[in-house]
Amino acid sequence: MKVKLHHFAYNIAPNSLELVLELLEKLGCTLVYREENARWCMIQQKPIPINIQMIETKDKPISIEKKINTHVAFLSDTPKEDIEEIKQWSEDKSIKFRQDGWSNKELWFDLPDVFVNFVIEIIHTSIIK
């Protein structure tokens, strides 16, 4: 069998797609596919050939205990500083923000009124070295 991984899909709150796109652009991602006014899109962080699909849904957010087990993870040399930058961005936009981590090198944040079934993790590059 010759199959190739193409994308992951995550759910976001209604009317939040443009906000999520703005956030993901801050994290180095770019929009790779969206039909006109569709309320879903595909983003990618080149050169990695895997897409993340963001889909607006009316589903209620799952509990944080479940959310943290489903995450989009990014590598960074400065995860604490990056989380602080996102926190400031969310405050500037009046978006509820929460953060925690599994260690001082494995951090995550949530926008609880936007992310339905996932959080974003930012981990220190030393984790994979």
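The values are calculated or read from the model by the stated rules, or taken from the named source; none is laboratory data. This one's a predicted model, so the numbers in the text were calculated from it and none came from an experiment. So basically every Cβ, Gly included, is an ideal-geometry build from the backbone, and we count neighbours across all protein chains shown.
Do you know which residues across the stretch 84-96 are in contact (Cβ under 8 Å) with a residue 12 or more places away in the chain and under 16 Å from LEU24 (Cα atoms)? Correct list: GLU85, ILE86, LYS87, TRP89, SER90, LYS93, ILE95.
Residue by residue, here is whether (1) hydroxyl-bearing (Ser, Thr, Tyr); (2) in contact (Cβ under 8 Å) with a residue 40 or more places away in the chain holds:
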residue: ALA73; (1), (2): no, yes
residue: LYS80; (1), (2): no, no
residue: ARG98; (1), (2): no, no
residue: SER103; (1), (2): yes, no
residue: ASP113; (1), (2): no, yes
residue: VAL119; (1), (2): no, yes
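Scoring ASN117 on the criteria (1) under 24 Å from HIS6 (Cβ atoms); (2) within 16 Å of the chain's Cα centre (by Cα); (3) at pLDDT 95 or above; (4) loosely packed, with under 14 Cβ neighbours inside 10 Å leaves a single failure, condition (4). Note on the stretch 63-86: residues that are in contact with a strand residue (DSSP E or B) (Cβ under 9 Å, 6 or more places away or on another chain) and either of a type in the set (A, V, I, L, M) or under 21 Å from LEU21 (Cβ atoms) (or both) amount to 13. One residue stands out among those in the stretch 94-104 that are exposed (fewer than 12 other Cβ atoms within 10 Å of the Cβ) and of a type in the set (S, T, N, Q): the one that is farthest from ILE68 (Cα to Cα), which is SER94. Applying the condition of being surrounded by 15 or more Cβ atoms within 10 Å (Cβ to Cβ) and part of a loop (DSSP other than H, G, I, E, B) to the stretch 1-38 and asking which residue is farthest from the chain's Cα centre (by Cα) yields ARG34. Taking the criterion of being β-branched (Val, Ile, Thr), touching a residue at least 24 places away in the same chain (Cβ under 8 Å) and closer than 24 Å to TRP89 by Cα, the residues of the stretch 25-71 that qualify are ILE52, ILE55, THR57, ILE62, ILE64, ILE68, THR70. Restricting the stretch 105-121 to residues that are in a loop (DSSP other than H, G, I, E, B) and β-branched (Val, Ile, Thr), the residue that is nearest to GLU65 (Cα to Cα) is VAL116. Applying the condition of being in contact with a Lys or Arg (Cβ under 8 Å, 6 or more places away or on another chain) and in a strand (DSSP E or B) to the stretch 43-93 and asking which residue is surrounded by the fewest Cβ atoms within 10 Å (Cβ to Cβ) yields ILE55.
The single residue among ILE48, ILE12 that is β-branched (Val, Ile, Thr) and at pLDDT 95 or above turns out to be ILE12.
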